[in-house]
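Taking it in order: structure first as C-alpha coordinates, then the write-up.
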Amino acid sequence: MRPLLLALTAGVALLTATPATAQQQVTVTATPNSGPAGSSTTFTWTGFIRCKGTVRINWAGTVLTTAPYVANGSVTANIPAGTKEGTYVFTANDECNHLARNTFQVTPPPPVTTTTQPPATTKPPVTTTRPPITTTLPTTTTTDSPSSSSEPPSSSAEPSTPGDGVLVLDKDNIQPGEDLTATGTGCPKGAQVTLKSLGQDVGKATADNDGKFTSPVKFTNIEPGRHKVRAECGIVLVGNVDVTLSSSSGGTTSTLVVLLFFLLIGAAMLRRQFTTLRR
(Lines give C-alpha, C1' and ligand atoms only; values in the text may rest on other atoms or scores of the structure.)
Protein backbone atom coordinates (compact mmCIF):
# COMPACT_ATOMS: atom_id res chain seq x y z
CA MET A 1 0.00 0.00 0.00
CA ARG A 2 2.78 2.39 0.92
CA PRO A 3 4.66 1.94 -2.43
CA LEU A 4 1.46 2.72 -4.34
CA LEU A 5 0.96 5.92 -2.33
CA LEU A 6 4.54 6.99 -3.06
CA ALA A 7 4.03 6.40 -6.79
CA LEU A 8 0.86 8.51 -6.87
CA THR A 9 2.61 11.33 -5.03
CA ALA A 10 5.49 11.31 -7.54
CA GLY A 11 3.05 11.39 -10.47
CA VAL A 12 1.20 14.42 -9.08
CA ALA A 13 4.49 16.23 -8.53
CA LEU A 14 5.56 15.45 -12.12
CA LEU A 15 2.25 16.75 -13.60
CA THR A 16 2.55 19.94 -11.52
CA ALA A 17 6.09 20.65 -12.71
CA THR A 18 5.51 19.85 -16.40
CA PRO A 19 3.72 23.10 -17.49
CA ALA A 20 6.49 25.31 -16.07
CA THR A 21 9.26 23.38 -17.79
CA ALA A 22 7.34 22.91 -21.05
CA GLN A 23 6.34 26.59 -21.36
CA GLN A 24 8.19 28.22 -24.30
CA GLN A 25 9.93 31.56 -23.69
CA VAL A 26 8.49 34.50 -25.70
CA THR A 27 10.91 36.85 -27.47
CA VAL A 28 10.79 39.88 -29.78
CA THR A 29 13.60 41.42 -31.84
CA ALA A 30 14.04 44.28 -34.34
CA THR A 31 16.04 44.01 -37.58
CA PRO A 32 17.84 46.34 -37.82
CA ASN A 33 17.86 47.26 -34.12
CA SER A 34 19.06 50.84 -34.76
CA GLY A 35 18.38 53.65 -37.19
CA PRO A 36 17.09 57.25 -37.48
CA ALA A 37 13.52 58.36 -36.86
CA GLY A 38 11.26 57.45 -39.74
CA SER A 39 13.41 54.48 -40.83
CA SER A 40 11.91 51.03 -41.42
CA THR A 41 12.56 47.95 -39.28
CA THR A 42 11.09 44.44 -38.99
CA PHE A 43 9.80 43.23 -35.61
CA THR A 44 9.98 39.40 -35.17
CA TRP A 45 8.35 37.48 -32.28
CA THR A 46 8.48 33.84 -31.18
CA GLY A 47 6.79 31.68 -28.53
CA PHE A 48 3.29 33.26 -28.69
CA ILE A 49 1.45 29.93 -28.62
CA ARG A 50 -2.15 28.88 -27.90
CA CYS A 51 -3.76 32.27 -28.46
CA LYS A 52 -5.84 34.10 -31.04
CA GLY A 53 -6.72 37.63 -32.28
CA THR A 54 -3.76 39.94 -32.99
CA VAL A 55 -0.17 40.58 -31.95
CA ARG A 56 0.57 44.21 -31.01
CA ILE A 57 3.94 45.94 -31.31
CA ASN A 58 4.14 48.78 -28.76
CA TRP A 59 6.61 51.67 -28.93
CA ALA A 60 7.19 53.85 -25.87
CA GLY A 61 3.84 52.81 -24.36
CA THR A 62 1.67 53.23 -27.50
CA VAL A 63 0.69 50.76 -30.22
CA LEU A 64 3.04 51.15 -33.20
CA THR A 65 1.51 48.42 -35.42
CA THR A 66 -0.48 45.17 -35.26
CA ALA A 67 -0.49 41.86 -37.13
CA PRO A 68 -2.80 38.80 -37.31
CA TYR A 69 -1.95 36.29 -34.58
CA VAL A 70 0.64 33.60 -35.28
CA ALA A 71 2.89 31.90 -32.73
CA ASN A 72 6.04 32.96 -34.58
CA GLY A 73 5.79 35.86 -37.01
CA SER A 74 7.02 39.30 -38.05
CA VAL A 75 5.74 42.70 -39.19
CA THR A 76 7.49 45.76 -40.69
CA ALA A 77 6.87 49.30 -39.43
CA ASN A 78 8.52 52.72 -39.39
CA ILE A 79 10.05 54.29 -36.31
CA PRO A 80 7.81 57.27 -35.41
CA ALA A 81 8.94 60.49 -37.10
CA GLY A 82 10.27 63.12 -34.77
CA THR A 83 11.65 60.56 -32.26
CA LYS A 84 14.74 61.94 -30.58
CA GLU A 85 18.07 60.12 -30.38
CA GLY A 86 18.37 57.50 -27.64
CA THR A 87 17.43 53.97 -26.58
CA TYR A 88 13.74 53.04 -26.62
CA VAL A 89 11.92 49.98 -25.29
CA PHE A 90 9.47 48.18 -27.58
CA THR A 91 7.26 45.23 -26.66
CA ALA A 92 5.16 42.53 -28.30
CA ASN A 93 2.05 41.11 -26.64
CA ASP A 94 -1.08 39.15 -27.58
CA GLU A 95 -4.56 38.76 -26.14
CA CYS A 96 -3.38 35.91 -23.85
CA ASN A 97 -1.06 38.24 -21.92
CA HIS A 98 2.15 36.92 -23.49
CA LEU A 99 4.68 39.77 -23.33
CA ALA A 100 8.20 40.17 -24.72
CA ARG A 101 10.37 43.27 -24.78
CA ASN A 102 13.59 44.57 -26.33
CA THR A 103 15.32 47.85 -27.16
CA PHE A 104 15.93 49.95 -30.29
CA GLN A 105 18.64 52.60 -30.66
CA VAL A 106 17.47 55.78 -32.47
CA THR A 107 20.49 57.31 -34.25
CA PRO A 108 21.02 60.79 -35.70
CA PRO A 109 19.64 61.38 -39.21
CA PRO A 110 22.14 61.02 -42.08
CA PRO A 111 23.88 64.25 -43.11
CA VAL A 112 22.44 66.16 -46.06
CA THR A 113 24.90 66.62 -48.90
CA THR A 114 24.58 69.95 -50.68
CA THR A 115 26.27 70.52 -54.02
CA THR A 116 27.27 74.12 -54.69
CA GLN A 117 27.10 75.18 -58.29
CA PRO A 118 29.76 77.60 -59.52
CA PRO A 119 28.45 81.03 -60.42
CA ALA A 120 27.40 81.42 -64.04
CA THR A 121 29.70 83.44 -66.23
CA THR A 122 27.96 86.26 -68.07
CA LYS A 123 29.35 87.10 -71.47
CA PRO A 124 29.04 90.66 -72.74
CA PRO A 125 26.60 91.07 -75.64
CA VAL A 126 28.08 91.15 -79.13
CA THR A 127 26.92 94.08 -81.26
CA THR A 128 27.22 93.71 -85.02
CA THR A 129 26.76 96.75 -87.24
CA ARG A 130 25.93 96.14 -90.86
CA PRO A 131 26.13 98.88 -93.52
CA PRO A 132 22.79 99.92 -94.99
CA ILE A 133 21.90 98.40 -98.37
CA THR A 134 20.53 100.79 -100.98
CA THR A 135 18.49 99.25 -103.80
CA THR A 136 17.50 101.25 -106.86
CA LEU A 137 14.59 99.82 -108.87
CA PRO A 138 14.17 100.81 -112.54
CA THR A 139 11.11 102.80 -113.45
CA THR A 140 8.47 100.70 -115.24
CA THR A 141 5.87 102.31 -117.47
CA THR A 142 2.64 100.32 -117.82
CA THR A 143 0.01 101.07 -120.43
CA ASP A 144 -3.42 99.69 -119.58
CA SER A 145 -5.43 98.44 -122.54
CA PRO A 146 -9.16 99.17 -122.45
CA SER A 147 -11.12 96.27 -121.06
CA SER A 148 -14.00 94.80 -122.95
CA SER A 149 -17.36 95.45 -121.34
CA SER A 150 -19.18 92.97 -123.52
CA GLU A 151 -18.65 90.09 -121.06
CA PRO A 152 -20.01 90.68 -117.53
CA PRO A 153 -18.02 89.19 -114.68
CA SER A 154 -19.17 85.72 -113.60
CA SER A 155 -20.16 85.32 -109.97
CA SER A 156 -19.25 81.63 -110.11
CA ALA A 157 -15.65 82.14 -111.28
CA GLU A 158 -13.25 79.88 -109.37
CA PRO A 159 -9.60 80.62 -108.50
CA SER A 160 -6.96 78.75 -110.45
CA THR A 161 -6.30 75.23 -109.25
CA PRO A 162 -2.59 74.35 -108.88
CA GLY A 163 -1.58 70.71 -109.30
CA ASP A 164 -3.54 67.85 -110.80
CA GLY A 165 -6.27 67.50 -108.13
CA VAL A 166 -9.74 66.18 -108.92
CA LEU A 167 -13.01 66.36 -106.94
CA VAL A 168 -15.61 63.67 -107.75
CA LEU A 169 -19.17 63.62 -106.38
CA ASP A 170 -20.80 60.18 -106.24
CA LYS A 171 -24.11 61.56 -107.67
CA ASP A 172 -24.82 64.10 -110.42
CA ASN A 173 -28.39 64.73 -109.31
CA ILE A 174 -29.88 64.65 -105.79
CA GLN A 175 -33.02 65.71 -103.95
CA PRO A 176 -32.97 67.83 -100.76
CA GLY A 177 -31.90 65.64 -97.82
CA GLU A 178 -30.40 62.90 -99.99
CA ASP A 179 -26.88 61.62 -99.11
CA LEU A 180 -23.93 62.88 -101.16
CA THR A 181 -20.26 61.87 -100.89
CA ALA A 182 -17.22 63.75 -102.22
CA THR A 183 -13.89 62.08 -103.10
CA GLY A 184 -10.80 64.08 -104.02
CA THR A 185 -7.12 63.73 -104.94
CA GLY A 186 -4.15 66.06 -105.27
CA CYS A 187 -4.13 67.58 -101.76
CA PRO A 188 -0.86 67.87 -99.79
CA LYS A 189 -0.11 64.93 -97.48
CA GLY A 190 -2.09 65.21 -94.21
CA ALA A 191 -3.77 68.49 -95.24
CA GLN A 192 -7.07 69.55 -93.63
CA VAL A 193 -9.82 69.63 -96.29
CA THR A 194 -12.85 71.95 -95.99
CA LEU A 195 -15.82 71.46 -98.32
CA LYS A 196 -17.92 74.56 -99.03
CA SER A 197 -21.02 75.42 -101.08
CA LEU A 198 -22.95 78.70 -101.21
CA GLY A 199 -20.55 80.10 -98.60
CA GLN A 200 -21.40 77.35 -96.08
CA ASP A 201 -19.18 74.55 -94.71
CA VAL A 202 -20.72 71.27 -95.93
CA GLY A 203 -18.00 68.78 -94.99
CA LYS A 204 -14.50 68.24 -93.55
CA ALA A 205 -11.80 65.59 -94.07
CA THR A 206 -8.06 64.96 -93.77
CA ALA A 207 -5.93 64.00 -96.77
CA ASP A 208 -4.02 60.70 -96.49
CA ASN A 209 -0.38 60.06 -97.40
CA ASP A 210 -1.32 59.99 -101.10
CA GLY A 211 -3.25 63.28 -100.92
CA LYS A 212 -6.65 61.55 -101.18
CA PHE A 213 -9.73 62.21 -99.04
CA THR A 214 -13.40 61.22 -98.75
CA SER A 215 -16.14 63.16 -96.94
CA PRO A 216 -19.95 63.20 -96.79
CA VAL A 217 -21.54 66.43 -98.06
CA LYS A 218 -24.28 67.87 -95.83
CA PHE A 219 -26.22 70.90 -97.09
CA THR A 220 -27.86 73.04 -94.41
CA ASN A 221 -30.16 74.97 -96.74
CA ILE A 222 -30.31 74.19 -100.43
CA GLU A 223 -32.58 75.17 -103.31
CA PRO A 224 -33.21 73.45 -106.64
CA GLY A 225 -30.63 74.12 -109.32
CA ARG A 226 -26.95 73.46 -110.02
CA HIS A 227 -24.57 73.99 -107.11
CA LYS A 228 -20.79 74.06 -106.94
CA VAL A 229 -18.93 72.19 -104.19
CA ARG A 230 -15.44 73.50 -103.42
CA ALA A 231 -12.76 71.48 -101.61
CA GLU A 232 -10.02 73.69 -100.11
CA CYS A 233 -6.81 72.00 -98.91
CA GLY A 234 -4.05 74.37 -100.00
CA ILE A 235 -5.44 73.94 -103.49
CA VAL A 236 -9.05 74.35 -104.65
CA LEU A 237 -10.99 71.47 -106.19
CA VAL A 238 -14.47 72.01 -107.69
CA GLY A 239 -17.39 69.67 -108.44
CA ASN A 240 -21.03 70.25 -109.53
CA VAL A 241 -24.30 68.68 -108.41
CA ASP A 242 -27.90 69.31 -109.59
CA VAL A 243 -30.64 69.56 -106.94
CA THR A 244 -34.20 68.75 -108.06
CA LEU A 245 -37.56 68.36 -106.37
CA SER A 246 -39.32 64.99 -106.67
CA SER A 247 -42.49 65.08 -108.85
CA SER A 248 -44.11 62.47 -106.63
CA SER A 249 -44.64 65.01 -103.86
CA GLY A 250 -47.45 66.77 -105.79
CA GLY A 251 -49.26 63.46 -106.45
CA THR A 252 -49.04 62.55 -102.78
CA THR A 253 -50.56 65.88 -101.80
CA SER A 254 -53.45 65.45 -104.27
CA THR A 255 -54.21 61.96 -102.98
CA LEU A 256 -54.36 63.24 -99.41
CA VAL A 257 -56.79 65.99 -100.43
CA VAL A 258 -59.13 63.46 -102.16
CA LEU A 259 -59.06 61.11 -99.14
CA LEU A 260 -59.87 64.00 -96.81
CA PHE A 261 -62.79 65.04 -99.03
CA PHE A 262 -64.37 61.57 -98.93
CA LEU A 263 -63.85 61.33 -95.17
CA LEU A 264 -65.73 64.60 -94.69
CA ILE A 265 -68.65 63.42 -96.90
CA GLY A 266 -68.84 60.11 -95.00
CA ALA A 267 -68.89 61.90 -91.65
CA ALA A 268 -71.72 64.18 -92.84
CA MET A 269 -73.84 61.20 -94.00
CA LEU A 270 -73.34 59.34 -90.73
CA ARG A 271 -74.33 62.40 -88.75
CA ARG A 272 -77.57 62.77 -90.84
CA GLN A 273 -78.50 59.09 -90.23
CA PHE A 274 -78.00 59.44 -86.47
CA THR A 275 -80.16 62.56 -86.44
CA THR A 276 -82.99 60.71 -88.29
CA LEU A 277 -82.89 57.76 -85.84
CA ARG A 278 -83.24 60.08 -82.84
CA ARG A 279 -86.41 61.62 -84.25
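The values are calculated or read from the model by the stated rules, or taken from the named source; none is laboratory data. Model, not experiment: these values are computed from the prediction. Glycine also receives a Cβ, built like all others from the backbone with ideal geometry; neighbour counts cover every protein chain displayed.
Could you please let me know if Asn58 is within 26 Å of Gln24 (Cα to Cα) and at pLDDT below 95? Spell out the reasoning first.
Details: within 26 Å of Gln24 (Cα to Cα): yes; at pLDDT below 95: no.
The answer is no for Asn58.
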Residues of the stretch 204-234 being part of a loop (DSSP other than H, G, I, E, B), farther than 19 Å from Asp179 by Cβ, at pLDDT 90 or above and out of contact with any Lys or Arg (no Cβ under 8 Å at 6 or more places or on another chain), in sequence order, are Lys212, Cys233
